[in-house]
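Structure record follows, encoded as structure tokens.
The values are calculated or read from the model by the stated rules, or taken from the named source; none is laboratory data. This one's a predicted model, so the numbers in the text were calculated from it and none came from an experiment. A quick note on method: Cβ atoms are made from the backbone with ideal geometry, for glycine too, and the neighbour counts reach across all protein chains shown. Only protein heavy atoms, including side chains, enter the accessible area calculation; ligands, DNA and RNA are left aside. Shrake-Rupley method; radii C 1.70, N 1.55, O 1.52, S 1.80 Å.
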Amino acid sequence: MLEKLYPSPEARGMVLMLCTEKLGVQSYTHIVEPQYQIPQDRLDEIMDDLSRMCKGEPVQYVLGCSDFCGHRFKVDRNVLIPRPETEMLVRETVDAAVGFGEKPRVLDLCTGSGCIAWSVKLEIPQADVYAADKSIPALSVASSQGLGPSPVFFEMDILDTSLDFPHGRFDVIASNPPYIMESEKTLMRSNVLDYEPGLALFVPDSDPLLFYRAIAFWADRLLVPGGCVIAEINESLSSETAALLSGSGLQKVEIIRDFFGKDRFVKARKQGLSPSARPL
């Protein structure tokens, strides 16, 4: 049924994921226990879930969870499904943060499900981690993850650069903002277009770097001297994004490739040496 929408290996993987989560079987149960049958009292539930998936709904939304950085995160249609490549953003953020002492301060802009903020907090429990999003439903998901001592989540439209900011300065700013151009929709699957929140995905073709201008503004205002900003980017706009950050006064701008060899992240530092974080 799913092969009408997905390549066979992907369809098989999705069914195995569904059965593993709902029935407690393993991905190899059908091999080592060829006589295994789905219990009759669970069959209707499984078929209902499969029906949703056959309409294009991502399996993560059907299950209500997604794995990221070794942890399980709640997800629904108010937040993006975490992507494996974004785990590299967490690793870069953690590596940068530990260079600022035992209690680094980290800010995650456009946090969505909170997977970046939570993952950093879980890696560095003593860190002060703050995370912002303009979507109240997304913040509700992020703050409900319940994986331990929580980051501080708060509402903020990062495009509004007139906002007061009462949370002090930070050693590292991380962000996975919207960066897909409207014209790129034709290249995307319906399971993304029809189900994941467009607010967290798309930017106008006329101004595709608007979030990176805002990130550069907040980096200049909120980072301590020597502080680091790391953001996920549109691979087709990597050089333009790097040039924007460099032109805003940030230094040591570099583009980082993901494990597919694609330009995926940009990293830069604020001018100056790195003192302890201090209030604004």
Item to complete: Could you check GLY227 against (1) assigned to a loop (DSSP other than H, G, I, E, B); (2) crowded, with 18+ Cβ neighbours inside 10 Å and say which number it fails?
Response: (1)
Discussion item. Pairs please, first residue from the stretch 56-79 and free of Cβ contacts under 8 Å to residues at least 12 places away in the same chain, second anywhere and surrounded by fewer than 19 Cβ atoms within 10 Å (Cβ to Cβ) and in a loop (DSSP other than H, G, I, E, B), Cβ atoms under 9 Å, 6+ apart in sequence or on different chains.
Written reply: ARG72/LEU147
Worksheet entry | Residue satisfying all of: in the stretch 69-79; closer than 15 Å to TRP118 by Cα and assigned to a loop (DSSP other than H, G, I, E, B); farthest from the chain's Cα centre (by Cα) among these | GLY70
Practice prompt. Within the stretch 193-223, track down each residue that is part of a strand (DSSP E or B), under 20 Å from LEU89 (Cα atoms) and either open to solvent by less than 10 Å² (accessible area, probe 1.4 Å) or touching a residue at least 60 places away in the same chain (Cβ under 8 Å) (or both).
Written response: LEU223
Response to the item:
Of LEU147, LEU163, the only residue that is of a type in the set (A, V, I, L, M), under 30 Å from GLY64 (Cβ atoms), more than 15 Å from the chain's Cα centre (by Cα) and open to solvent by 30 Å² or more (accessible area, probe 1.4 Å) is LEU147
Discussion item. Quick test for you: out of PRO58, PRO104, PRO82, pick the one residue that is surrounded by 14 or more Cβ atoms within 10 Å (Cβ to Cβ), farther than 27 Å from LEU159 by Cα and modelled with pLDDT of 95 or more.
Written reply: PRO58
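A quick yes/no check of all residues on (1) in contact with a Gly (Cβ under 6 Å, 6 or more places away or on another chain); (2) farther than 21 Å from TYR195 by Cα; (3) surrounded by 14 or more Cβ atoms within 10 Å (Cβ to Cβ):
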| residue | (1), (2), (3) |
| --- | --- |
| GLU3 | no, no, no |
| PRO7 | no, no, no |
| GLU10 | no, no, no |
| ILE31 | no, yes, no |
| SER51 | no, no, no |
| LEU63 | no, no, yes |
| GLU92 | no, yes, yes |
Practice prompt. For ALA11, indicate whether it is part of a helix (DSSP H, G or I), out of contact with any helix residue (DSSP H, G or I) (no Cβ under 9 Å at 6 or more places or on another chain) and not β-branched (Val, Ile, Thr).
Written response: no
Worksheet item: GLU123: farther than 20 Å from ALA214 by Cα, in contact with a helix residue (DSSP H, G or I) (Cβ under 7 Å, 6 or more places away or on another chain) and among the acidic types (Asp, Glu), yes or no?
Response: yes
Worksheet item: How many of the residues making up the stretch 162-201 are hydroxyl-bearing (Ser, Thr, Tyr), farther than 15 Å from SER236 by Cβ and modelled with pLDDT under 95?
Response: 1
Worksheet item: Residues MET17, MET47: which one is among the hydrophobic types (A, V, I, L, M, F, W, C) and either surrounded by 15 or more Cβ atoms within 10 Å (Cβ to Cβ) or within 15 Å of ASN191 (Cα to Cα) (or both)?
Response: MET17
Worksheet entry | Filter pass, ILE230 being touching a helix residue (DSSP H, G or I) at 6+ places or on another chain (Cβ under 8 Å) and touching a residue at least 40 places away in the same chain (Cβ under 8 Å) | yes
Worksheet item: What's the number of the condition GLU254 fails, among (1) touching a Ser or Thr at 6+ places or on another chain (Cβ under 7 Å); (2) open to solvent by 40 Å² or more (accessible area, probe 1.4 Å)?
Response: (1)
Discussion item. Taking the conditions exactly as written (in a helix (DSSP H, G or I), under 14 Å from the mean Cα position of the chain (by Cα) and in contact (Cβ under 8 Å) with a residue 60 or more places away in the chain), does GLU87 satisfy them or not?
Written reply: no
Worksheet item: Do we find a residue being out of contact with any helix residue (DSSP H, G or I) (no Cβ under 9 Å at 6 or more places or on another chain) and aromatic (Phe, Trp, Tyr) anywhere in the stretch 161-172?
Response: no
